[in-house]
Amino acid sequence: MIELENIKNRCDAIEECYEFMLAYAAQGIADDRESHHGSQLRELLSKAVDAATDLPEAYTAMVGTLNPATSLKYVNFLGVLKVDTTKALAAMELVLAQPKISSQLIDNLNASLHVRTLLTDVFLLDEIVQLQQLTG
């Protein structure tokens, strides 16, 4: 059950960041250092990076608690998750490394297929975790 909660928390952090970035992108901010939302953006983006960094490992730990007869289906998805996470992390870390983060930069990050793919993976994982908690 701990593994499921770990994944749920990671998914929540990534989803919360993405939702905040959507709002931030719409504000027309030129420099995050000149907005009270800028520090919140960096904080949430950093949390999302932390959550995504070990997400494949957390997923592996969850799979280890499952029935071996069904775990192969989960293991097959692990390869997909690792690739998607690596690509999204590269984009998110690149943005965090910038001295200023504009709404336009965040809009471009939001539009990145790598981030959207990770987000889709996270939605899938989050739903699976919820189902596992209900049946576990």
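Any read-out appearing in this document is the output of simple, stated calculations on the displayed coordinates, not a laboratory observation. All figures in this text were calculated on a predicted structure; none of them were measured in a lab. Please note: Cβ atoms are built from the backbone with ideal geometry, for glycine as well, and neighbour counts cover all protein chains shown.
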**Message:** Compute a Gaussian network model of the chain, connecting alpha carbons closer than 10 Å, and tell me which residue from Ala26, Ala48, Ala88 fluctuates the most.
**Reply:** Ala26
**Message:** Per residue of region 114-126, what does 6.51 cos²θ - 1.76 cosθ + 1.60 with θ = phi - 60° give for ³J(HN,Hα)? Whole Hz please, x for Gly and Pro, Karplus curve as stated.
**Reply:** 5, 5, 5, 5, 4, 4, 5, 4, 5, 4, 4, 4, 4
**Length-normalised contact order for region 2-135 - Cα pairs under 8 Å, 6+ apart - percent** = 39 percent
**Request:** Note the listed values (1) 90; (2) 120; (3) 102, then indicate which one is volume of the Cα convex hull per residue in Å³ calculated from this particular structure.
**Result:** (1)
**Asked** If we count other beta carbons within 10 Å of each Cβ, what is the order of Asp84, Asp54, fewest first?
**Response** Asp54, Asp84
**Asked** What nm value, rounded to one decimal, do you get for the distance between Glu34 and Thr86 when each label is placed 7 Å out toward the C-beta?
**Response** 3.9 nm
